[in-house]
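Here the structure comes first, spelled out in structure tokens, and everything after it is commentary.
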Amino acid sequence: MNKLSAYYLFLILSIAFSGCHSAKKSLKRGDFDDSVFRAADKLKSNPTHSSSLEILKQAFPSAVAQHRDDITRNETAPDLQKWELLMASYQKLNKLYDAVKPCSVCMKVVSARSYYEEERNTKQKAVETHYEEGVKFLSLGDRENARTAYDHFERVNELTPDYNDNQRKLDVSYNIASFKVVVEQVLVTSKVYQLSNAYFQDRINDFLKTNQRINKFVQFYTPDEATNSKLKPDHVITLQFDDFVVGQTLIEKNTETVTSKDSVKVGEKTVNRKKVEFYDKVKAKLTKNRKTVHSSGLLDMRIVDFKTRQQVNQEKFSGEYNWVCEWANFNGDERALTAAQLRMCKSQELLPPDPQQLFVEFSKPIYDRLTDRLRNFYAKY
């Protein structure tokens, strides 16, 4: 046997031993289900694996007994809790059955049966109980009970999506349960920047449409949506740029004399018919230019209770953006310049972005701060 064949044999034996060892470890720590799954999986590929057979003989009846005990104990639990617990136990029993059923040698050493009918029956009972609870809480009419009702109808939808009129009940309960917030269009006093403001507004709208990450019961609307649906909101949010500056330019210039770090060849003479080279440090007058285009703004956020007209919250969010361009020029010997200085001298003065883009750039940090605050503020609603 060559080295490569020996290596593959060792690898296969290691994997086989490891699978058996894992099943044995699961059995020792009382995780009978995991032990069954591992042993059955091994026996499907290797029906004569004696260690896995012995483990399966012990683990399978222990796992079944464990779930049967849970079923007996939970029979006396309150209805809603009982049917969920019983359904979960029968699902686990069926997973055990599904694990050994395709394995002929497994079925010979264990007594296995399915619990499909029991699982269907308890699932149906769980659906009926959740639906009845949802109807009961929804009939109370207030927001908190509607939220409880919604959770029940949502569970029904997870178990049996087309059950009775559950979808309609979901919609009705959500409408009562949700906290409705109208976000007015962001106000900008200058017509010049309406396009950039539209970009900022679109980002806000996209964020609010994905409000599930804030709170599933908080629903945001645009003014048009609120008008079309004749909505009476709980809160109205007004966003307005109090102040902003776009394209404020500052140019800085600095001139200095620079000297080469090392001596370089500066000339040569013929002395006694021989050329003699002369070395010295060289200088250059370097002028550095730096243009900074500053843009900044301040956004005011006000949250007002729609019914009482009282201000609930007010905060301001600032943002700024500095566009910078650097270039240089020199007079004198370029060998006096460092590599970085020489690169800078090869740069040219560039035109800054247009005002619309500058508006967008300084509004980005404002967007981040605003959305973080909205997320935190409405998490409690």
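The values are calculated or read from the model by the stated rules, or taken from the named source; none is laboratory data. Since the model is a prediction, treat every value here as computed from it, not as a measurement. Please note: Cβ atoms are built from the backbone with ideal geometry, for glycine as well, and neighbour counts cover all protein chains shown. Ligands, DNA and RNA are excluded from the accessible area calculation, which covers all protein heavy atoms including side chains. Shrake-Rupley method; radii C 1.70, N 1.55, O 1.52, S 1.80 Å.
Restricting attention to the stretch 299-317, the residues that are within 19 Å of Ser363 (Cα to Cα) and either more than 27 Å from the chain's Cα centre (by Cα) or open to solvent by 60 Å² or more (accessible area, probe 1.4 Å) (or both) add up to 4.
Considering each of Arg120, Arg147 in turn, give the residue that is more than 30 Å from Lys44 (Cβ to Cβ) and at pLDDT 95 or above.
Details: Arg120 fails: more than 30 Å from Lys44 (Cβ to Cβ).
Testing whether each residue is more than 30 Å from Lys44 (Cβ to Cβ) and at pLDDT 95 or above leaves just Arg147.
Only residues that are over 15 Å from Gln248 (Cα atoms) and within 44 Å of the chain's Cα centre (by Cα) were counted in the stretch 318-338, giving 3. Once the stretch 346-359 is narrowed to residues that are open to solvent by less than 70 Å² (accessible area, probe 1.4 Å) and either without any contact (Cβ under 8 Å) to a residue 12 or more places away in the chain or touching a Leu at 6+ places or on another chain (Cβ under 9 Å) (or both), the residue that is nearest to Val246 (Cα to Cα) is Phe359. Selection of first residues in the stretch 140-169 that are closer than 16 Å to Glu128 by Cβ and of second residues that are of a type in the set (Val, Ile, Thr), restricted to Cβ pairs under 7 Å at least 6 apart or on distinct chains, gives the following pairs, ordered by first then second residue: Val156/Val127; Leu159/Val127; Thr160/Val127; Tyr163/Val127; Tyr163/Val156; Asn166/Val156. If you check Ala146, Ala126, Ala177, Ala198 for being of a type in the set (Gly, Ala, Ser) and within 30 Å of Tyr90 (Cβ to Cβ), only one passes: Ala126.
Tell me, which helices (runs of 4 or more DSSP H) wholly within the stretch 101-184 include 1 or more residues that are under 30 Å from Thr48 (Cα atoms) and of a type in the set (Val, Ile, Thr)?
Details: elements: 104-109, 116-138, 143-159, 166-177.
Here the list reads 104-109.
Within the stretch 226-256, being open to solvent by less than 90 Å² (accessible area, probe 1.4 Å) and free of Cβ contacts under 8 Å to residues at least 40 places away in the same chain holds for Ser229, Asn254, Thr255, Glu256. Please verify whether Thr371 is farther than 14 Å from Phe244 by Cβ, polar (S, T, N, Q) and touching a helix residue (DSSP H, G or I) at 6+ places or on another chain (Cβ under 8 Å), treating the condition exactly as stated. Criteria met by Thr371.
Applying the condition of being of a type in the set (Ser, Thr, Tyr) and modelled with pLDDT of 85 or more to the stretch 1-42 and asking which residue is farthest from Val64 (Cα to Cα) yields Ser22.
For the stretch 313-353, how many residues meet the condition of being assigned to a loop (DSSP other than H, G, I, E, B) and either hydrophobic (A, V, I, L, M, F, W, C) or at pLDDT below 90 (or both)? Qualifying residue count for the region: 3.
Which residue out of Ser114, Ser104 is open to solvent by 20 Å² or more (accessible area, probe 1.4 Å), within 30 Å of His152 (Cβ to Cβ) and of a type in the set (Gly, Ala, Ser)? Explain how you work it out, then say what you get.
Details: Ser104 fails: within 30 Å of His152 (Cβ to Cβ).
Of Ser114, Ser104, the one residue that is open to solvent by 20 Å² or more (accessible area, probe 1.4 Å), within 30 Å of His152 (Cβ to Cβ) and of a type in the set (Gly, Ala, Ser) is Ser114.
Take Lys123 and decide whether it is open to solvent by 40 Å² or more (accessible area, probe 1.4 Å) and of a type in the set (Lys, Arg).
yes
From the list Gln81, Gln58, Gln91, the lone residue that is open to solvent by 40 Å² or more (accessible area, probe 1.4 Å) and over 30 Å from Ala126 (Cβ atoms) is Gln58.
State whether one or more residues within the stretch 271-287 are touching a Phe, Trp or Tyr at 6+ places or on another chain (Cβ under 9 Å), open to solvent by 30 Å² or more (accessible area, probe 1.4 Å), modelled with pLDDT of 85 or more and not charged (D, E, K, R).
Restricting attention to the stretch 271-287, the residues satisfying the condition of being touching a Phe, Trp or Tyr at 6+ places or on another chain (Cβ under 9 Å) are 284-287.
Checking which are open to solvent by 30 Å² or more (accessible area, probe 1.4 Å) leaves us with 285.
Now drop any that are not modelled with pLDDT of 85 or more, which leaves 285.
Of the ones still in play, those that are also not charged (D, E, K, R) are none.
Checking the stretch 271-287: not a single residue is touching a Phe, Trp or Tyr at 6+ places or on another chain (Cβ under 9 Å), open to solvent by 30 Å² or more (accessible area, probe 1.4 Å), modelled with pLDDT of 85 or more and not charged (D, E, K, R).
Within the stretch 119-154, being within 31 Å of the chain's Cα centre (by Cα) and among the acidic types (Asp, Glu) holds for Glu144, Asp151, Glu154. Restricting attention to the stretch 172-199, the residues being at pLDDT 95 or above and more than 22 Å from Ala379 (Cβ to Cβ) number 1.
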